[in-house]
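Scroll down for the structure; my scribbles are underneath it.
The values are calculated or read from the model by the stated rules, or taken from the named source; none is laboratory data. Remember, predicted model here, so these are calculated numbers, not experimental data. Cβ: placed from backbone, ideal geometry, glycine included. Neighbour counts: every protein chain shown. Heads up: the accessible areas ignore ligands, DNA and RNA and are worked out on the full protein's heavy atoms, side chains in. Shrake-Rupley method; radii C 1.70, N 1.55, O 1.52, S 1.80 Å.
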Amino acid sequence: MTYEQTVNWIHDRLKFGIRPGLLRISALLEKLDNPQNKLRTVHIAGTNGKGSTTAFLRNLLEETGLTVGTFTSPYVERFNERISIDGVPIPDDDLVALLKKIQPLVIEMDQDESLKDMVEFEILTAMMLQYFVEQEVDIVIVEVGLGGLLDATNVITPIASAITTIGLDHVAILGDSLAEIAAQKAGIIKPKIPVVVGKVPKEAEKVIIKTAVANQAPVYQYGHDFNSRYHQPDGQWGESFDYISENNKYDMIRTGLMGKHQVDNASVAIKLYEIICEKLSLRSQSKIVKQSLLQTNWPGRMEKLSDSPLIVIDGAHNEHAMDVLRDNLIKEFSTVVCHVIFGALTTKDVSSMLIDLETVPNLTLKVTEFDFPSAMRQEDYEAISKTAYLSWQEALADVLSEMEENDLILITGSLYFISQVRQTLIGGTMDEEN
């Protein structure tokens, strides 16, 4: 089996759609002698912020001397990135060898009516857990795929978990209220395992706290048990802030990621780091915290592609992410004209997202089609009174002809969309939205 055949076989399981539940993944892991029980893990859920928090925490743990496995999505340049050790994607040969081990088990399960049709994410989850056992990593950061309670990754019992944010997304699967969605995310909370909670709405917070109390799980809430003091950007790309918790205070931390919300994500990561250090008898150090967060990058999240002209991409692919993007533009780019090129999927509440975006002063907006089966088309945009470009390249050409020297070009919306832009401008693709 070649690398290409391996990836194609895994991708082919996408045809079975999204099928929440732990029955199939548990059966497969049983056949592999339950690798999830042989790993030290951290579990991260949330509507948005999972990837950035994972990236911050990975750097923190690496700088402390641990070998860190990560399971993330989407990938940026190559499929292998989803399963990485210390930021290095799984080698092609190892990926092929893993599937050779797991594929026969999946095919065998396909003969069982109750276990057949495992989806791509379930197979990847099993491959990830098996790989990290074989590689004997010190700790694994596992990012939830969708929701939490019935997500394939919820077979793990972590040493700590986190819920970064709660917002309305995937409502057809997770529920159409913040309380229902919070209940799904809170499904990762395990008995007596500490959980770090980021900035979440009160309605969601009540559900999470209730779930934690029922599980006798210690809760560390942002704004209560740990906090940050935000500093205005100092002209460099990134953010600066102070971090305060019961045991530590770190002054003037800088992140390599732009956006005030990254201060929230970084604070959640630091609190997780403190908990992990305590559990593993390691010492958290100011020097490590500052160095690690400054070095962190996460493509597709307020990522600067060009300085002249200033072009930024951001995967604000749902209402919650768009709220955050709007606030960042108002706070950090209020003195410049922002030219937005937006492309989205029909599965999102595009009208609400655009209404939110248009509240930003000094903003021009162009919406566009892009090459993806469920992408918004001209007629979809016309239904919400928007005239769309047939391609983002045409929209970008018009923006470049209209803009002044110090203006900002922001390309945002679907992760599939910004992936295509990124691939064209600098190389790299992303594979899915979570």
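Checked across the range 328-339, the condition of being closer than 18 Å to Leu365 by Cβ, in a helix (DSSP H, G or I) and open to solvent by less than 10 Å² (accessible area, probe 1.4 Å) holds for at least one residue.
Residue by residue, here is whether (1) modelled with pLDDT of 95 or more; (2) closer than 22 Å to Arg326 by Cα; (3) among the aromatic types (Phe, Trp, Tyr) holds:
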| position | (1), (2), (3) |
| --- | --- |
| Ile188 | yes, no, no |
| Pro201 | no, yes, no |
| Asn215 | yes, no, no |
| Val219 | yes, no, no |
| Glu246 | no, no, no |
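Quick check on the range 129-164: of everything there that is in a loop (DSSP other than H, G, I, E, B) and touching an Asp or Glu at 6+ places or on another chain (Cβ under 6 Å), which residue is surrounded by the fewest Cβ atoms within 10 Å (Cβ to Cβ)? That would be Gly145.
Give the residue that is nearest to Lys31 (Cα to Cα), with candidates limited to residues of the range 100-116 that are among the aliphatic types (A, V, I, L, M) and open to solvent by less than 40 Å² (accessible area, probe 1.4 Å).
Among residues in the range 100-116 that are among the aliphatic types (A, V, I, L, M) and open to solvent by less than 40 Å² (accessible area, probe 1.4 Å), the one nearest to Lys31 (Cα to Cα) is Leu105.
Considering the conditions (1) of a type in the set (Ser, Thr, Tyr); (2) farther than 23 Å from Asn328 by Cβ; (3) surrounded by fewer than 18 Cβ atoms within 10 Å (Cβ to Cβ); (4) touching a strand residue (DSSP E or B) at 6+ places or on another chain (Cβ under 8 Å), Thr364 is excluded by exactly one of them, (2). Tell me yes or no: at least one residue of the range 181-203 is at positive phi and out of contact with any Gly (no Cβ under 9 Å at 6 or more places or on another chain). Yes, the range 181-203 contains at least one residue that is at positive phi and out of contact with any Gly (no Cβ under 9 Å at 6 or more places or on another chain). Taking the range 277-334 as the range and being aromatic (Phe, Trp, Tyr) and closer than 18 Å to Asp264 by Cβ as the test, only Trp298 passes.
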